[in-house]
Amino acid sequence: MGFNTGIIGLPNAGKSTIFNALTGAEAQTAGYPFTTIDPNNGVVAVSDERLFEIAKITNPEKVTPASMEFVDVAGLVKGASTGEGLGNQFLGHIRNLTTTIHVVRCFKDENVAHPEGDIDPKRDIEIVETELILADLAVVERRIDKIKKVAQSGDKDAMEALKVFESVKALLDSANLAIDFLPKKDVEKSIFYEMNLITAKPVLFVANVDEGSLPDGNDYSRKVQKIAADKGATAVVISGKFEEDLLSLNPDERDEYLKSTGLTETGLLQIIRAGYNLLGLITFYTAVGPELRAW
């Protein structure tokens, strides 16, 4: 079983560097906006020790770890929801994904321009979320315009749908994400998820720090962690450049390099594990043969 997650954020936040480290796909990276235009795709296996421990007991003929597809989506900018920076194209890529990984820049580098001129995780997160909210709002408003007359005629299904659309619109109008909408009935849940709103997707925040800030992060990454906690989300602190460099080493050198930084595991493992857990799924249940599920 596989799922796809989009790596989003402002330009030059380190999305493609993290994508390269996750997948080994060597997507183009550079210190200027819109290096990525078409999305890059890569698939990785989900490491889950439970899967292999259960397999030792049951001896299935085949053990196949679940997989996750990572999609490196080009950076969003202010006005993306109205087409700025090829925004409509980029937002379309995000809408087709299962979850999102929001990379937030938490490092300074004079050679890598920041689109807003300085580092401010709270502002950067708000810019991206605002564009996603505006894009979703446009979708919901079109749905309302399309169904309003039918609902006014007394059609019960249309009336139910309109009620959901208007509730979600009120949420988005208040600068809240669609994921905060709580359907009370199965029919409301069905209507809500059929809209396929971007801000209804689970989000994992990744605070991308410089290597010198490992393993505990810095003041910028702590702001990201607090914002994530306030949203009931998870934040992972990694250095994308460090992870990319790590993969260029042989296994023995890699272990030594990790230890020298005070890390017990790579940030990439944290991202993969946390990203998969967003789905609330048990890997081993869906990833092996029927003999294991029967057990």
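The values are calculated or read from the model by the stated rules, or taken from the named source; none is laboratory data. Since this is a predicted model, take the numbers as computed values, not measurements. Note: ideal-geometry Cβ built from the backbone for every residue, glycine included; neighbour counts use all protein chains shown. The protein model used for the area step is the full one, side chains on, heavy atoms only, and it has no ligands, DNA or RNA in it. Shrake-Rupley method; radii C 1.70, N 1.55, O 1.52, S 1.80 Å.
Per residue, the accessible area of region 167-275 comes to 52 Å² when a 1.4 Å probe rolls over the protein heavy atoms. Here's the list of aspartates and glutamates a cross-link from residue 62 could span, going by alpha-carbon distance under 12 Å and ignoring same-chain residues fewer than 8 apart: 291.
Given the pairs 78/163; 78/226; 122/223; 184/226, which are separated by over 19 angstrom at their Cα positions? Flagged as over cut-off: 78/163; 78/226; 184/226. Sorting 8-19, 108-119, 197-208 by their mean Cβ neighbour count within 10 Å, with the most densely packed peptide first, gives 8-19, 197-208, 108-119. For region 136-269, the relative contact order works out to 18 percent when only alpha carbon pairs closer than 8 Å and six or more residues apart are counted. Ordering of 134-140, 231-237, 153-159, 100-106 by packing is 100-106, 134-140, 231-237, 153-159, highest average first (other Cβ atoms within 10 Å, averaged per residue).
Return the subset of 56/189; 148/189; 189/241 for which the Cα-Cα distance in this structure is over 30 Å, preserving the input order. Show your work: numbers first, answer last.
Numbers: 56/189 39 Å; 148/189 19 Å; 189/241 41 Å.
Where the Cα-Cα span goes over 30 Å, the pairs concerned are 56/189; 189/241.
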